[in-house]
Amino acid sequence: QVQLVESGGGLVQTGDSLRLSCAASGLTFNAYTVGWFRQAPGKEREFVARISWNGGTTDYVDSVKGRFTISRDNAKNTVFLQMNSLKPEDTAVYLCAAVRLRTTSRPSEYNYWGQGTQVTVYS
């Protein structure tokens, strides 16, 4: 049974940092691209960042470039999202997802999803 479990969300002020983690089990982790997505109330799920199965390729939505960094530790079956210089518009539920051996930013193409962790940034 595949499980993705996010952690690290919280309530922070504008300009603060958070580090999200996505711990995976039940899959051959180093064969999966992992993506971070976010969903704010009343809005569609939005791609934030992704990292290839070997960590060699990353991609980000323009609004987080230079502020967020995605990384992975395949020995620990975990992907991280370091979020710096947070803004109120970053407020959302952040979800991680995994897709096997594909390079994609489309939520519909990801096979496995976590439950999400709430990030709230106040000004």
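The values are calculated or read from the model by the stated rules, or taken from the named source; none is laboratory data. No experiment lies behind these values; they were computed from the predicted model shown. Please note: Cβ atoms are built from the backbone with ideal geometry, for glycine as well, and neighbour counts cover all protein chains shown. These accessible areas exclude ligands, DNA and RNA; they are computed on the full protein's heavy atoms, side chains included. Shrake-Rupley method; radii C 1.70, N 1.55, O 1.52, S 1.80 Å.
Considering only residues in segment 1-15 that are open to solvent by 60 Å² or more (accessible area, probe 1.4 Å) and assigned to a loop (DSSP other than H, G, I, E, B), the one that is farthest from VAL93 (Cα to Cα) turns out to be GLN1.
Identify all residues within segment 12-30 that are farther than 17 Å from GLY55 by Cβ and over 18 Å from the mean Cα position of the chain (by Cα); write none if there are none. Reasoning before the result, please.
Residues of segment 12-30 farther than 17 Å from GLY55 by Cβ: 12-18, 25-26.
Residues satisfying the conditions are GLN13, THR14, GLY15, GLY26.
Note on segment 101-116: residues that are within 22 Å of ALA23 (Cβ to Cβ) and either open to solvent by 50 Å² or more (accessible area, probe 1.4 Å) or among the hydrophobic types (A, V, I, L, M, F, W, C) (or both) total 6.
Table: residues versus (1) within 18 Å of GLU6 (Cβ to Cβ); (2) open to solvent by less than 50 Å² (accessible area, probe 1.4 Å); (3) touching a residue at least 24 places away in the same chain (Cβ under 8 Å); (4) among the aliphatic types (A, V, I, L, M).
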position	(1), (2), (3), (4)
ALA40	yes, yes, yes, yes
VAL48	yes, yes, yes, yes
ILE70	yes, yes, yes, yes
ASN77	yes, yes, yes, no
VAL99	yes, yes, yes, yes
GLN118	yes, no, yes, no
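Kindly provide the set of residues from segment 91-111 that are under 11 Å from THR33 (Cβ atoms) and of a type outside the set (A, V, I, L, M, F, W, C), ordered by number. Within segment 91-111, ARG100, ARG102, THR103, THR104, SER105, GLU109, TYR110, ASN111 qualify.
If you filter segment 37-46 down to residues that are assigned to a strand (DSSP E or B) and touching a helix residue (DSSP H, G or I) at 6+ places or on another chain (Cβ under 9 Å), you find that the one that is nearest to ALA97 (Cα to Cα) is PHE37. For segment 56-76, filtered to residues that are within 14 Å of the chain's Cα centre (by Cα) and part of a loop (DSSP other than H, G, I, E, B), the residue that is farthest from GLN13 (Cα to Cα) is VAL61.
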